[in-house]
Amino acid sequence: MTHNDIDKLVQNWIIDTATRPANPRVQAVVLRLVGDLCKAIEDLDIQPSEFWKGLEYLTNAGKNNELGLLAPGLGLERFLDIRADEAEARAGLQGGTPRTIEGPLYVAGAPASTGFARLDDGSESAEAEVLFMQGTVYDEAGQPLPGAKVEVWHANLMGNYSFFDASQSHFNLRRTIIADEQGRYQFRSILPKGYGCPPGGSTQCLLDQLGRHGQRPAHIHFFVSAGGHRKLTTQINIDGDEYLWDDFAFASREGLVPAVSKVTDPAAIAQKDLRQPYSSIDFDFRLYGERPAAPEAEVARVRAAA
């Protein structure tokens, strides 16, 4: 069957037999996706058993709540970011902090504080290295944004996230920081570890078939927002991680790998009320102002809430 034959067939299925009012956007998307899938079945000679095995896989991935992990693993979430970058460039936006993927592990409602927050609950203090991260939220002109909201979340030393890992305390390693009158934020936490897809899970099963690993470098997620400015979804990666530029989720980007300083000066250690060296990261955020021609920065998707 030719591609033209398939187009006519799918057109008849999706549009020509419609007898009730339809959502034109949904209709156009379904027409394209079904048509492309039928062409793939034809071109690749996909057999009925393979087709139903694929549906079984997607069903199980949904039951395992791994579709949100599969999307970045196949590059789809990164592709959405590439398109958003291109749209912003067409709107004349340049020089802001790079965006990168949100991933599936944000939880709404983290406790808020002004200027500073401690993220960790102390349960891993014996094994972890203390991290202080600080910076300023700026606008496009380089002016600080007092009251900007910095939402931050990251994994523990086992690569697990609170809420999804029931062994962790409520909102461990998750906080919302309201920037102070100079637009500054700071938090104390632990230096996180990277993580891998669940062994034997749906995502890793497919990655195995593709000959790919499912590892991520250590990283810290952020939502940064301020009134009249475009919300930023991003994350920084911890420099020196073996998977820094080999991230299965394709989220590593230039400009998002700040230097990690090891602070060993006794006076600086004592000032932080610590007894051992700690790591420090300086990182500023730069937000774009809203533009009528720019794409929507707030992504509507279902997210966990505690």
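In table form, for the structure just shown:
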item: Hey, residue 123 over 15 Å from residue 235 (Cβ atoms), in a strand (DSSP E or B) and out of contact with any helix residue (DSSP H, G or I) (no Cβ under 8 Å at 6 or more places or on another chain) or not; result: no
item: In region 104-120, the residues that are within 17 Å of residue 168 (Cβ to Cβ) and assigned to a loop (DSSP other than H, G, I, E, B); result: 104, 105, 106, 109, 110, 111, 119, 120
item: Number of positions in region 92-112 that are more than 13 Å from residue 223 (Cα to Cα), surrounded by 14 or more Cβ atoms within 10 Å (Cβ to Cβ) and small (Gly, Ala, Ser); result: 1
item: Wholly enclosed helices (runs of 4 or more DSSP H) of region 1-65 bearing at least 2 residues within 30 Å of residue 207 (Cα to Cα) and out of contact with any Leu (no Cβ under 9 Å at 6 or more places or on another chain); result: 24-44, 48-63
item: Residue 274 within 27 Å of residue 138 (Cα to Cα) and either more than 23 Å from the chain's Cα centre (by Cα) or assigned to a loop (DSSP other than H, G, I, E, B) (or both); result: no
item: Test: residue in region 83-97 that is polar (S, T, N, Q), modelled with pLDDT of 95 or more and either on the phi > 0 side of the Ramachandran plot or outside any loop (DSSP other than H, G, I, E, B) (or both); result: no
item: Qualifying residue in region 165-173 (condition: over 22 Å from residue 272 (Cβ atoms) and crowded, with 16+ Cβ neighbours inside 10 Å); result: yes
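Residue by residue, here is whether (1) farther than 30 Å from residue 306 by Cβ; (2) in the same structural domain as residue 93 (by TED's automatic domain parsing); (3) touching a helix residue (DSSP H, G or I) at 6+ places or on another chain (Cβ under 7 Å); (4) exposed (fewer than 15 other Cβ atoms within 10 Å of the Cβ) holds:
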| position | (1), (2), (3), (4) |
| --- | --- |
| 211 | yes, yes, no, yes |
| 219 | no, yes, no, no |
| 245 | yes, yes, no, yes |
| 266 | yes, yes, no, yes |
| 272 | no, yes, no, yes |
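The values are calculated or read from the model by the stated rules, or taken from the named source; none is laboratory data. As the structure is a computational prediction, the values presented were derived from the model and not from experiment. As a convention, Cβ positions derive from the backbone with ideal geometry for all residues, glycine included, and neighbour counts pool all protein chains shown.
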